[in-house]
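The structure appears below as structure tokens.
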Amino acid sequence: MRGAVVMVCVLLAAGCAAPERPYRPQESAPKESAPKASGTPGVATREAGLPSGPETIQVAAGLRARVEWPANPDPLLKVMVDQYVGTRRAVAERRSVYKDGLELDAAVQASKWVQSFADARWSMRGVGRLYNLRVSARVGKGAQIDACVDESGIRMVSTRDGQAIRPQPEWLRTPYGQSVAARRGDDGVWRIRTYVTSRERCTR
């Protein structure tokens, strides 16, 4: 019950605090490991023509995202996909800030994640997988979007010499859930307000 109340507070966008803990998919990773996803771009409610089924997106040289769209996908799912692709592209481009399609709280969370890779001089190669995409809640102009992420096909490499980091971080091995709270602005565009702790148990 408490979890439901917290999520309603986030979605209502007024009068309630953010969740107690920021989303940290790599909490059990070694200290030097870079954090995991955070997110970005918005989508208008009128947007249509999303694919159905698997789609492979070229994120950067040597880095791709495999998105497993559901049948008849809700346009809101593009918010989750855009932030996944966008943050990984920011890492590949060695950026230290990422705020596309994000409100302030989410922009801070995403930028900290991207910055951690820049500080460690790490980048990504391989194929990440985004699946089990769904809109799990809607309250007024707010919504929660959930997904599972499998990055077992990703390898961390050094931006100094392009060689694989050894050992690879533990958090690459296990699929994890990602959840975001989004809000529709007066311009009709949905943007991510904040990343919230996912309770999803994801399997391959």
Exercise for review: Using a 1.4 angstrom probe on heavy atoms only, work out the carbon and sulfur share of the accessible area of segment 133-204 in %.
Suggested key: 42 percent
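For V157, what charge total do you get from the other residues with a beta carbon under 11 Å from its beta carbon, if Lys and Arg give +1 and Asp and Glu give -1?
Here the count lands on +4.
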**Study point:** Two-site label geometry, E200 and E170: point separation in nm, points 7 Å out along Cα→Cβ
**Key:** 2.3 nm
Point to revise | Potential lengthening between D105 and E68 on full extension [0.36 nm per residue; Cα-Cα distance subtracted] | key: 10.6 nm
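Is the C-alpha gyration tensor of segment 43-105 telling us rounded, prolate or oblate? Criteria: a/c under 1.5 is rounded; beyond that, a/b larger than b/c is prolate, otherwise oblate.
Oblate.
Classify segment 49-204 as rounded, prolate or oblate, taking a ≥ b ≥ c as the square roots of the eigenvalues of its Cα gyration tensor: rounded when a/c is under 1.5, otherwise prolate if a/b is larger than b/c and oblate if not.
It comes out prolate by the Cα gyration axes.
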Revision key, fill the gap. Inter-part gap, Cα centre of segment 63-92 to Cα centre of segment 123-165, in whole angstrom, is 8 Å
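The values are calculated or read from the model by the stated rules, or taken from the named source; none is laboratory data. Fair warning: this is a prediction, and the values are worked out from it, not measured in the lab. For neighbour counting, all protein chains shown are included, and Cβ atoms are generated from backbone atoms with ideal geometry for every residue, glycine included. The area values use the complete protein model at the heavy-atom level, side chains included, leaving out ligands, DNA and RNA. Shrake-Rupley method; radii C 1.70, N 1.55, O 1.52, S 1.80 Å.
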